[in-house]
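Read the figures in this text as sums done on the coordinates, not as results from a lab. Computed from a predicted model, the values in this text were never measured in an experiment. Every residue, glycine as well, gets a Cβ built from its backbone with ideal geometry; the counts of neighbours run over all protein chains shown.
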Amino acid sequence: MAREVNREEFRAYFYEALSIAAAQAEKEFRVNVPKHKSVELHGAGHGGDRVTPDVAADALYLGSERFYKLIDVLIKWIEGDTALVFVRVAGFEPCPWEETLDPGGLGPFKTTMLTADIREPLWDRVIRMLRLR
């Protein structure tokens, strides 16, 4: 019998993936990743749209029995007090939970990808500091 994962369970897996991606970025780049997140969503009907984590989780959830096989999650950039999270659905056909990337763990979520340095560029930091005055 195929495992069923309801919307709330799926959302919990997604939020765990966000936390793991933040911890990996903090370790790799020695920065504090802000708690506030904005998701740049690729796939699931989105072409790089910026959405909230809740909107992203809802867009990624296909139902209790069908899931994307692989969803990449990584911290892409830090913009002031917000971490921009890159989330991309891989081009596989939806499948049962047991056929996702990690059925015994985070299911379809893959967090081991890292990108170039995520620290805020100096120019952005200067502009942010000027706005605070």
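Computed values, structure above
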{"read-out": "Net lengthening on full extension, E4/N32 (0.36 nm per residue, minus Cα-Cα)", "value": "6.5 nm"}
{"read-out": "Amide N proximity, the range 1-36 versus A90 label position 7 Å along Cα-to-Cβ, cut-off under 18 Å", "value": "14, 17-18, 21"}
